[in-house]
1. Mind scanning 253/290; 290/420; 253/414; 382/440; 170/223 and naming the pairs with a C-alpha gap bigger than 27 Å?
2. Report, in whole Å, the centroid distance computed from the Cα atoms of region 370-403 and region 239-281.
3. Dipole of region 270-366, Cα-centred, from +1 at each Lys and Arg C-beta and -1 at each Asp and Glu C-beta, to the nearest 20 debye?
4. Roughly how many Å² is the accessible area per residue of region 233-346, as a whole number, for a 1.4 Å probe?
5. What residue among 323, 307, 345 has its Cα farthest toward the positive end of the dipole of region 283-377, where the charges are +1 on Lys, Arg and -1 on Asp, Glu, each on the Cβ?
6. With charges set only on the Cβ (+1 for Lys and Arg, -1 for Asp and Glu), what does the dipole of region 314-406 come to about its Cα centre, in debye to the nearest 20?
7. Label residue 420 and residue 433 with points 7 Å out from Cα along Cα→Cβ: what is the distance between them in nm?
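The values are calculated or read from the model by the stated rules, or taken from the named source; none is laboratory data. Just so it is clear, the model here is predicted, and its values are computed rather than measured. Here the Cβ is made from the backbone with ideal geometry for all residues, glycine too, and neighbour counts use every protein chain on show. Please note that ligands, DNA and RNA were not included when accessible areas were found on the heavy atoms of the full protein model with its side chains. Shrake-Rupley method; radii C 1.70, N 1.55, O 1.52, S 1.80 Å.
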Amino acid sequence: MKSIADDLLLQHSWSEEYRATVAELYEQAFGQKFALAINQQSVRVRVLAEAFKPEYSFVVMHQQKVVAVAGFQTPQGSFTSGIAWAGLSRILGSIKGLWAAAVFSFFERKASAKTLVMDGIVVAEGYRGLGLGSMLLDKIVEHATELGFERVRLDVINSNPRAKKLYLAKGFEIVSSDYYPYLKWLLGFSGSSTLEYLTAAPSLSPQTEPLMNKPAMYSTYAKEYDVAIQNNIYNAHYERPSLQAMLGDVQGKHVLDLGCGSGVYAEYLLTNGASVTAIDNSEEMVSLVKQKLGSQLKVYQQDLAKGLPQEQDQQFDVVICPLMLHYLEDLNPLFAAVKRVLKPQGCFVFSTHHPLIDFEASPSGNYFATELITEEWDTVGKLVSVSFYRRSLSALISALTSNGMLLSELSEGKPCEALKELSPEHYLRFSQHPRFIFVKCILA
């Protein structure tokens, strides 16, 4: 006879349709802590549903239903970091939102370059006793090791001895304990312990490592990346429609595609009558473009941080650069080269990370600093480490103007109408909280 265990599926992340279910599960387990900040259960569920970042979690599925969840936190983000004070204020009002943010900060434990932090394990009633918590804990430790973290840290309240027993059995050790009996009436518990597990991973310091010339996302996972961006939310339904709207008619124009990736833009340009030269730093991406488009265009590998040494002066009508500039620490060599290869009436169109979005991950808190950021992205169905540079809007515009280009159009993007039906939540989010900026320049 088939058992429940036969149908269980452990996976990284989860789709948007499960957001409410996960919020309800999480609230059932941790609602007592959140009640101090938000006393109404339905509102707690709503806040949690908006706060979750699925890419920072693993789940156990049973018959298309989420039955267990484990969240985690790295220096780049956490399972419950999707809502800031502005979001809390929108739902709760300014005063209650401020109070909720203060209460949440009391329970917050920050990850570090060497430490991954657990954001809680939840198992649905009816599925307890099947070892799902142990399964998820093992997966978190394995994931931390793969990402190069030296230790995994978690907190357990003293009124949950069963969980503490599991953690100790798995090799976690108590590194500190806190007691606050005078707060038991308020919090529902009077103390907690911090436990750590030492992994076998080598030391990782993502904030100080140099940016790799060929990130794994665009080399090791080049084919997976190509498949992922064909019809995904961020690229196909938000970035590409926004940048293409700036291009206008490209019929008969000579276009230079910088950071061409797997050739999605190149194919669009060719289909619309342009002649195309495409360049990318990844040999794997260049190979994919050659396989798909062959002799229809000129394509080659080049480190764009060094400019465009193989291209002649004043030969392109349009230069595009979709989501690539944030991989360059110094924009000046490329911007100077773009000006050189553009015809007098030509234009430069590009997209890049929105400065305010990247500022949320700033290690220094200085908006005007240019800083290396390392994050884990799940674009290809698994978390892959990606490093890029964040900079202020003024630094970006200054690099353009100092290299003889003038801003003619700036947009913060607009999701395509198809996304409204595909994912109403993402459509609303991108409509109200832009992720990228789009810039069109002409020669001064």
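1. 290/420; 382/440; 170/223
2. Taking the Cα centre of region 239-281 as reference, the centre of region 370-403 is 22 Å away.
3. Roughly 420 debye for region 270-366.
4. 40
5. After comparing all options, I get 345.
6. That gives a dipole near 440 debye.
7. Label-label distance for residue 420 and residue 433, simple model: 2.2 nm.
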